[in-house]
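The block underneath contains the structure these notes are about, expressed in structure tokens.
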2 protein chains.
Amino acid sequence: MSTERIEAARERLGQYMVEQGKKNTRQRDLIVDVFLEVEGHHSLQELQVLVRQRVGTVGYATVYRTMKLLMDAGVAVERHFGSDAARFELAEFGTHHDHLICEACGKIVEFEDPVIEERQDQIARRHGFQVNRHRHEIYGLCAGCVGNVTDGA
Amino acid sequence: MSTERIEAARERLGQYMVEQGKKNTRQRDLIVDVFLEVEGHHSLQELQVLVRQRVGTVGYATVYRTMKLLMDAGVAVERHFGSDAARFELAEFGTHHDHLICEACGKIVEFEDPVIEERQDQIARRHGFQVNRHRHEIYGLCAGCVGNVTDGA
DNA sequence: GTGCATGCAAACGCTTTGCAGTCTG
DNA sequence: CAGACTGCAAAGCGTTTGCATGCAC
């Protein structure tokens, strides 16, 4: 994860905390650190486990509320792949990307494509839509799983 | 909704029913009829309401299991927009489409674009992925809502 | 008749919240 | 100190399922 993105996130969060009169607590700081430092797209469960690897005591509700806070601050984004639990990732500052998801091993690769973005805008325009956001996910098998998937396993 | 698509769906379902030794019941037939005839993307709740407008007695579980059956038969597809309840739509036979969703009025417009499809395949290939399926949703405001959205309302 | 289908109600899994106690600023 | 924050436990909500009864074939 690029350090600049993390720094940008911390900065934005810091501002938000001040503006909203939020407080820094041991748990909150910890969850934020873990979220920012661990790459990927993690569920609340996973985040809680990761946090607990560092200290022993953080409630699920606190993780939940902290991620909500991060979303309000515009630092985190919630995603739903399949019908699993929500996953969180660092918000995009200016940039944008979509996802390739391996249905066998769960691997998630990010991609972005200006051609598709452009094309989308055209389509929306043609239908009189004003685009706010979009979501584009490609599901399949990653290179490592293509050959050796017994499905059942 | 084009009659051919409905017919194709009925045919496929019929075959599946026979193959699997499934039975036709009053409720099941009714749910299937409603699902096939009512356009759009409906939730189980909505489908149950629609069915009950025709007769008085169909349990939620039956709607649930019937839609599951339709999915197994390859006649229905489940979709999740936002974090709402699942919505069902008639499966695509050969074709494929994606969605434009109005965040103000809930209107859903279907679209398809070969350029995007092609581009997707390229991207997947580049990452060593074998594509199974994808999902592409564009959220925004439809023509009717662009001007007069008070947001709060 | 046999066996799938139905409907109710309860179980589930994730998400969200009330509340009493704790801690930050 | 006041007001936020935490953790637990319980409530919500949509989704699934067990079971006794009913119906299609």
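Read the figures in this text as sums done on the coordinates, not as results from a lab. Given the structure is predicted, the values throughout are model-derived calculations rather than measurements. So basically every Cβ, Gly included, is an ideal-geometry build from the backbone, and we count neighbours across all protein chains shown.
Counting only helices (runs of 4 or more DSSP H) that sit completely within the stretch A:43-153, those holding 1 or more residues that are under 18 Å from B:Arg133 (Cβ atoms) and either in contact (Cβ under 8 Å) with a residue 12 or more places away in the chain or over 21 Å from the mean Cα position of the chain (by Cα) (or both) correspond to A:114-126, A:143-146.
For B:Leu30, the requirement of being more than 10 Å from DNA strand D (Cβ to nearest atom), touching a residue at least 24 places away in the same chain (Cβ under 8 Å) and part of a helix (DSSP H, G or I) is met. Only a single criterion out of (1) in contact with a strand residue (DSSP E or B) (Cβ under 9 Å, 6 or more places away or on another chain); (2) surrounded by fewer than 12 Cβ atoms within 10 Å (Cβ to Cβ); (3) not in a loop (DSSP other than H, G, I, E, B) is not satisfied by A:Glu4, namely (1).
State yes or no: is B:Leu44 more than 9 Å from DNA strand C (Cβ to nearest atom), within 14 Å of chain A (Cβ to nearest Cβ) and not hydroxyl-bearing (Ser, Thr, Tyr)? Judged against the criteria, B:Leu44 is a match. As a summary of the residue check, A:Met17 satisfies the conditions (1) part of a helix (DSSP H, G or I); (2) on the phi > 0 side of the Ramachandran plot except for the one numbered (2).
Scanning the stretch A:126-137 turns up no residue that is of a type in the set (A, V, I, L, M, F, W, C) and either over 26 Å from B:Ile123 (Cβ atoms) or loosely packed, with under 14 Cβ neighbours inside 10 Å (or both). Would you pick out the residues in the stretch B:58-81 that are surrounded by 12 or more Cβ atoms within 10 Å (Cβ to Cβ) and not hydrophobic (A, V, I, L, M, F, W, C)? Listed by number, the residues that qualify are B:Thr62, B:Tyr64, B:Arg65, B:Thr66, B:Lys68, B:Asp72, B:Gly74, B:Glu78, B:Arg79, B:His80.
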